[in-house]
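The values are calculated or read from the model by the stated rules, or taken from the named source; none is laboratory data. Bear in mind that the values here come from a model prediction, so they are computed numbers and not experimental data. When we count neighbours, we look across all protein chains shown, and the Cβ atoms used for this are built from the backbone with ideal geometry, even at glycine.
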Amino acid sequence: MKNHSDYYSDAGFWDKLKCFSLAAGAEVIEKALWLYYAAQRPETPAWAKAIIAGALGYFIFPLDAIPDVIPVIGYSDDLAAIAAAVATVSMYITEDVKQTARQKMQSWFGTALQ
């Protein structure tokens, strides 16, 4: 049986963000970007990257616990998975990572999600 990290890919991550960012909301998108950019850092160890890949894989996977198409609560399970990963790897989410995520959100949405 595959685990969620098997479903992670850079292309899948960016496609999911582009398609569902407004529905998912700023908090989910910001935290997902934190994880993505933390995983890109060479200083982030393999175990932390594996946790990040699992959380982002769950975010991408279309058949999660609560389907994303359900209004309001559809992304609550995604947020929970992402929040757990953020808490676990928080020491690798630097201020630079957060700034890069803010810049990406600003370039996409301006102040619409903030």
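Some points to look at:
Yes or no, residue by residue, for (1) among the hydrophobic types (A, V, I, L, M, F, W, C); (2) modelled with pLDDT of 90 or more; (3) in a helix (DSSP H, G or I); (4) surrounded by fewer than 17 Cβ atoms within 10 Å (Cβ to Cβ):
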position	(1), (2), (3), (4)
Val28	yes, no, yes, no
Asp78	no, no, yes, no
Ala81	yes, no, yes, no
Thr88	no, yes, yes, yes
Met105	yes, no, yes, no
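- Against the conditions (1) at pLDDT below 95; (2) surrounded by 14 or more Cβ atoms within 10 Å (Cβ to Cβ); (3) outside any helix (DSSP H, G or I), Ala65 satisfies every one except (2).
- Considering segment 37-50, and only residues there that are without any contact (Cβ under 8 Å) to a residue 60 or more places away in the chain and part of a helix (DSSP H, G or I), the residue that is surrounded by the fewest Cβ atoms within 10 Å (Cβ to Cβ) turns out to be Ala46.
Residue-wise test of (1) over 15 Å from Phe61 (Cα atoms); (2) under 12 Å from the mean Cα position of the chain (by Cα); (3) modelled with pLDDT of 70 or more.
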position	(1), (2), (3)
Ser5	no, no, no
Asp10	no, yes, yes
Phe13	no, yes, yes
Gly25	yes, yes, yes
Gln40	yes, no, yes
Thr44	yes, no, yes
